[in-house]
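These notes concern the structure reproduced below.
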Amino acid sequence: MLGPVECRDGAGRPVRLGGPRHREVVARLLVARRRVVPVDRLVADLWEEPPPGATGAVRTFVAEVRRALEPGRRPRTPSRLLATEGPGYVLRPKPAPGARAVDAWHFEAEVARAAGLAPAEAAPALDAALATWRGPAYADFPGARWAHAERARLAELRLHAVERRADALIRSGAPREAVWDLDAHVAEHPWREDGWHLLATALLRSGRQGDALGVLRRARRVLADQLGADPGPGLARLEHEVLRQADHPDEAAPAAGDEVWSSVAAAYEGSVPARSPARLEATASLLRELAVTGAGGLGAARRHRAAAVAAAERTGDTELAARVIGVYDVPAVWTRVDDPEAARTVVRTAERVLARLPGDAPETVRARLLASVAVESRGDALAEGALPRAADPPGRLREPWRHRAQQAAAEAESTARRLHDASLLTFALNGAFLQSFAHCGQAARRDAIGAELVQLARTHGLLGPEVLGRLIRVQALAGLGDLPGADYQATAADHLADRYERPLARVFTTWYRALRTTLTTPADLADPATAVVTEASEVAEVAYAEATALLPTCGMPGFATGLPALTRLAPVVRTGALPAPEAFAEADWGPYAPWVRPLLLLGDDRPDEAREALRTAPRPPHDLMAEPMWCLLARAAALAGEPVLAARAAAVLGPAEGQQAGAASGLLTFGPVAAYLAEAREAAGG
């Protein structure tokens, strides 16, 4: 329940409960905590306006859930788990030996148990309890009225557990371990005074009085701005204590790294004037380093970068503005930007600065601006308004902004090679990679870019480009079918991520390993081996559940939005079947909705609406998901009898005929591109 609702058997294998309504019935009964829920209450909770036959539908859902939970139960034998009692049903899950019945109940019990433990024992107990969360409680049903109170109660208990864990770390002599989580905690929940108090205490116990005082003053501002309230007496007393220790430091010495950082920061503050251009450049450099520290740092860097760029342009110093823009060479492996408007702002500013650069400006400064244009223009970030329709002939797809981005990438790369500047070249190659999606079937080209990035990085000691190069190769080699090669690159990327604290790399390698489970599933097994096929699909479900659990906290909305729904769609379209609309009624397709909708309409036996959706669908963006989206259009066009679009899809997909649709994304696959090509060509009459 702590995330999307899932059920597993005693061996830890997923149990297929059915569609969203089946899972909602299970969740609603679990909220009742082993108490009977009348059938009419279930009907009222599942539908705002119950349709005719709703009571019968609930009974059908219950019967199907019973079969899923107890597949070996003999006919007419009472269910041991989901029982009929009086006017309704009651669900009494039983844990397997050593397991827990319901994760939410286990979490509550562990938090209560930790309250009676010594701090050194409470911290790991709470850490393990918090690790059971996979996302918001009842994540499948965000709008369900029956879940509101329980979701709020569990969320509050989780925040309490985060704070008690931090308190236990501080009390057990490990305050530095508490600082990072608390910093993110107060950023997300600024109204919680306990969080601010604990963060300041952890900093104080780490010997960082100045940082502790800064946190307390930040808390004062935030509470005043957001709540119109002054800090409570606890925060006021702690602020007094911090000020006292600043005047009379205790014997606790800060860690060496903290001491150096604090000393250098103090020296910088005292030496560099507040409005100095040097301070603006230093801020831009710090944002670059912040962006690779994890989801929190990436989000903060994204929010503040546009402001730094605007401030640099306002100085009127063109070269300063160019340096502030160009220093942000953060490796970018995903092809959809997280904030399109911010990306457009950076590109427009970069173009204005390029136009004003003096003729004697350093070539590296100009090349970095060009690389910035290429990187920020990835996917269709610069497209404003409707994209061209998918059925438009190639001659009408005139997109000057795309031509400009590709030109910028090529010019930056040429300059970097001529100057033999490895750092500049890796930045330019990142732009070249992100601008390599004008056509399908370019996995081999991208693998070559990734290989050069790795070679340059290892030769010149550049960490970020090496991680980027290996992740690019994971995607490209998966698309080319070289799974051992992709495995090697994923392992190498994980090693770098762990050694040098690059946590976001793990998001992509975890998704690749989920994809790999589908690429290695036998497709030609005979009937006696059906159990093996089932086992393989279960392995894929578990792997994708692990990957999906990373999305809410990865800090990359351009990457995360819509992916969970696509992973559920993929096994359906691989079989050649049409998706059943009721199975995806609550799916969030995010940016992929225009290309999924025609198939859903066909699955709902609404061919006229499907044809209209095909005629108005935009062209899939030039990114890592272009090939699978074109495959969906190809199949829908073939089934709906749209020969013009079928011919267009066949022309676009032709260069990728030997590849797996979507595998080059490193995320999922819709199966061989050749199958979709055959359908499209037949529908197009050729």
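The values are calculated or read from the model by the stated rules, or taken from the named source; none is laboratory data. These numbers were taken from a predicted model, which means no experiment stands behind them. Every residue, glycine among them, receives a Cβ derived from its backbone with ideal geometry; neighbour counts consider all protein chains shown. These area figures cover heavy atoms from the full protein model, side chains too; ligands, DNA and RNA do not enter into them. Shrake-Rupley method; radii C 1.70, N 1.55, O 1.52, S 1.80 Å.
Can you work out which of the residues in the range 65-97 that are among the polar types (S, T, N, Q) and assigned to a loop (DSSP other than H, G, I, E, B) is farthest from residue 42 (Cα to Cα)? It would help to see each step written out before you state the result.
So the first thing to find is which residues in the range 65-97 are among the polar types (S, T, N, Q), and the list is 77, 79, 84.
This time we only want the ones that are assigned to a loop (DSSP other than H, G, I, E, B), so: 77, 79.
Values: 77: 24, 79: 19 Å.
Checked the range 65-97; the qualifying residue farthest from residue 42 (Cα to Cα) is 77.
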Please enumerate the residues belonging to the range 265-298 that are part of a loop (DSSP other than H, G, I, E, B), open to solvent by less than 40 Å² (accessible area, probe 1.4 Å) and modelled with pLDDT of 70 or more.
276, 291, 292, 294
The correct count of residues that are crowded, with 17+ Cβ neighbours inside 10 Å and either at pLDDT 95 or above or more than 22 Å from residue 24 (Cα to Cα) (or both) in the range 573-588 is 3
Which numbered condition residue 118 misses (of (1) among the hydrophobic types (A, V, I, L, M, F, W, C); (2) at pLDDT below 85; (3) touching a Leu at 6+ places or on another chain (Cβ under 8 Å))
(3)
Considering the range 121-149 alone, what residues qualify as being in contact (Cβ under 8 Å) with a residue 40 or more places away in the chain, open to solvent by less than 70 Å² (accessible area, probe 1.4 Å) and not in a loop (DSSP other than H, G, I, E, B)?
122, 123, 126, 146, 147
Quick test of your reading of the structure: residue 461 fulfils all but one of (1) modelled with pLDDT under 95; (2) surrounded by 14 or more Cβ atoms within 10 Å (Cβ to Cβ); (3) farther than 23 Å from residue 653 by Cβ; (4) not aliphatic (A, V, I, L, M). Name the failing condition by number.
(2)
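Considering 70, 110, which residue is under 32 Å from the mean Cα position of the chain (by Cα), of a type in the set (Asp, Glu), within 20 Å of residue 6 (Cβ to Cβ) and surrounded by 12 or more Cβ atoms within 10 Å (Cβ to Cβ)?
Working: 70 fails: under 32 Å from the mean Cα position of the chain (by Cα).
From the options 70, 110, the qualifying one is 110.
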Sole miss for residue 47 among (1) of a type in the set (A, V, I, L, M, F, W, C); (2) in contact (Cβ under 8 Å) with a residue 12 or more places away in the chain; (3) open to solvent by 20 Å² or more (accessible area, probe 1.4 Å) is condition (2)
I'm trying to understand the selection: among the residues of the range 492-545, which are at pLDDT 75 or above, open to solvent by 50 Å² or more (accessible area, probe 1.4 Å) and charged (D, E, K, R)?
498, 499, 501, 502, 506, 513, 516, 541
If I go through the range 380-420 residue by residue, how many of them are farther than 30 Å from residue 615 by Cα and either of a type outside the set (S, T, N, Q) or at pLDDT below 65 (or both)?
11
Tell me which of these residue 169 doesn't satisfy, since it passes every other one: (1) touching a Pro at 6+ places or on another chain (Cβ under 7 Å); (2) surrounded by fewer than 20 Cβ atoms within 10 Å (Cβ to Cβ).
(2)
From 42, 17, which residue is part of a helix (DSSP H, G or I), open to solvent by less than 30 Å² (accessible area, probe 1.4 Å) and under 21 Å from residue 138 (Cα atoms)?
42
With respect to the numbered conditions (1) at pLDDT below 95; (2) within 30 Å of residue 483 (Cα to Cα), which one is the sole condition not fulfilled by residue 629?
(1)
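If you go through the range 15-46, how many residues are more than 19 Å from residue 586 (Cβ to Cβ) and touching an Asp or Glu at 6+ places or on another chain (Cβ under 7 Å)? Let's see the steps before the verdict.
Here is the first cut: in the range 15-46, the ones more than 19 Å from residue 586 (Cβ to Cβ) are 15, 32-41.
Okay, now just the ones that are also touching an Asp or Glu at 6+ places or on another chain (Cβ under 7 Å), so 15, 36.
Qualifying residue count for the region: 2.
Among the charged types (D, E, K, R) and touching a residue at least 60 places away in the same chain (Cβ under 8 Å): does that describe residue 657? Before the answer, list the steps.
Details: among the charged types (D, E, K, R): yes; touching a residue at least 60 places away in the same chain (Cβ under 8 Å): yes.
The answer is yes for residue 657.
On the basis of being in contact with a helix residue (DSSP H, G or I) (Cβ under 7 Å, 6 or more places away or on another chain), free of Cβ contacts under 8 Å to residues at least 24 places away in the same chain, over 24 Å from residue 337 (Cα atoms) and open to solvent by 10 Å² or more (accessible area, probe 1.4 Å), does residue 600 make the cut? Talk me through it step by step, then tell me what you get.
On the way: in contact with a helix residue (DSSP H, G or I) (Cβ under 7 Å, 6 or more places away or on another chain): yes; free of Cβ contacts under 8 Å to residues at least 24 places away in the same chain: yes; over 24 Å from residue 337 (Cα atoms): yes; open to solvent by 10 Å² or more (accessible area, probe 1.4 Å): yes.
Criteria met by residue 600.
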